[in-house]
Amino acid sequence: MDAPTPIDLADWPRRQHFEHYRTAVPCTYSMTVELDAGAFAAALRRSARRTYVAQVWALATVVNRHEEFRMCLTAEGAPAVRPVVHPAFTVFNPARETFACVWARYDAEFGAFHERASALLTEHAGATEFFPQGPPPPDTFDVSSLPWTSFTGFNLNVRDGFDHLAPIFTLGRYAERDGRTLLPLAVQVHHAAADGFHTARLVNEVQALLADPRWVDGGAVPAG
């Protein structure tokens with residue numbers, strides 16, 4: 001794991017925002033959107049690739065483009081940025097009606113990531129421990145999926161979570177409406193790390209990946 005780089009507060013445009021939402025008014029916010037996933041779902045139907053892994057990779061790709069979603073705190077409580085972050089994601093055990101949390105090292109090449117993450121989902125489908133690989137390393141962010149239902153709102157309430165600067169994502173079941181395939185996505189964000197502008201940009205870039213899914217089978221990845 002590479003060490004995070006401290007942010008130069010003297011030249012950081014969001015210094016006052018960070019200090020305000022870290023100390024004066026510590027808060028998180030959530031945003032729930034419905035992404036147009038028609039092209040994405042069609043590409044995966046033609047492919048042997050797994051939908052959930054593709055969703056996780058799309059999120060990880062956009063997260064790793066932007067420093068505000070790779071932020072953490074140093075031991076002294078100062079803001080820093082990790083060079084890369086890796087997705088930790090849930091795998092459901094239907095026999096026990098519980099889930100485990102696994103994590104996979106991010107790779108910008110979807111095929112390599114898919115091989116790694118898909119193997120983890122298969123290996124730990126019957127996991128009885130919450131963290132079958134051991135506790136996730138600190139340079140991870142969380143993704144969970146609710147494939148049993150769609151939703152238009154989702155909010156996490158994390159007690160004493162104001163030191164947690166990494167985003168948290170929740171995916172829902174596809175909804176078919178007006179001839180469109182919609183993917184619910186909820187994003188939980190620490191306001192000290194990112195403002196609405198940054199989260200909207202993240203959502204729009206994930207949407208762009210779903211709208212042009214040539215990368216599912218090794219094609220070009222749309223630029224951010």
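The values are calculated or read from the model by the stated rules, or taken from the named source; none is laboratory data. All of these numbers come straight from a predicted model, not from anything done at the bench. Don't worry about glycine lacking a Cβ; one is built from the backbone with ideal geometry, like all the others, and counts go over all protein chains shown. Heads up: the accessible areas ignore ligands, DNA and RNA and are worked out on the full protein's heavy atoms, side chains in. Shrake-Rupley method; radii C 1.70, N 1.55, O 1.52, S 1.80 Å.
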Only one residue in Ala193, Ala186 is surrounded by 13 or more Cβ atoms within 10 Å (Cβ to Cβ), assigned to a loop (DSSP other than H, G, I, E, B), at pLDDT 95 or above and under 18 Å from the mean Cα position of the chain (by Cα), so which one is that?
-> Ala193
In the stretch 77-96, the residues that are in a strand (DSSP E or B), over 13 Å from the mean Cα position of the chain (by Cα) and hydrophobic (A, V, I, L, M, F, W, C) = Ala80, Val81, Val91, Phe92
Those residues of the stretch 47-76 which are part of a loop (DSSP other than H, G, I, E, B), without any contact (Cβ under 8 Å) to a residue 60 or more places away in the chain and over 13 Å from Pro167 (Cβ atoms) amount to Ala48, Ala75, Glu76
Residue that is surrounded by the most Cβ atoms within 10 Å (Cβ to Cβ), among those in the stretch 97-145 that are of a type in the set (A, V, I, L, M, F, W, C), under 15 Å from the mean Cα position of the chain (by Cα) and in a loop (DSSP other than H, G, I, E, B) | Ala104
Any residue in the stretch 198-222 that's touching a residue at least 24 places away in the same chain (Cβ under 8 Å) and open to solvent by 40 Å² or more (accessible area, probe 1.4 Å): show its pairings with residues that are assigned to a loop (DSSP other than H, G, I, E, B) and among the basic types (Lys, Arg) at Cβ separation under 9 Å, as long as the two are six or more apart or on different chains.
-> Asp217/Arg46; Asp217/Arg49
Qualifying residues in the stretch 166-180 (those that are in a strand (DSSP E or B) and either more than 9 Å from the chain's Cα centre (by Cα) or at pLDDT below 95 (or both)) - the one nearest to Thr90 (Cα to Cα) = Leu171
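Could you tell me whether any residue of the stretch 153-160 is acidic (Asp, Glu) and either touching a residue at least 40 places away in the same chain (Cβ under 8 Å) or open to solvent by less than 20 Å² (accessible area, probe 1.4 Å) (or both)? Write out each step before concluding.
Quick first cut of the stretch 153-160, residues acidic (Asp, Glu) only: 160.
Still in the list and also either touching a residue at least 40 places away in the same chain (Cβ under 8 Å) or open to solvent by less than 20 Å² (accessible area, probe 1.4 Å) (or both): none.
Checked the stretch 153-160: no residue is acidic (Asp, Glu) and either touching a residue at least 40 places away in the same chain (Cβ under 8 Å) or open to solvent by less than 20 Å² (accessible area, probe 1.4 Å) (or both).
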Quick check, is Ala88 out of contact with any Cys (no Cβ under 9 Å at 6 or more places or on another chain) and among the small types (Gly, Ala, Ser)?
-> no
Take the residues of the stretch 58-96 that are open to solvent by less than 10 Å² (accessible area, probe 1.4 Å) and out of contact with any strand residue (DSSP E or B) (no Cβ under 8 Å at 6 or more places or on another chain): which is nearest to Ser144 (Cα to Cα)?
-> Ala58
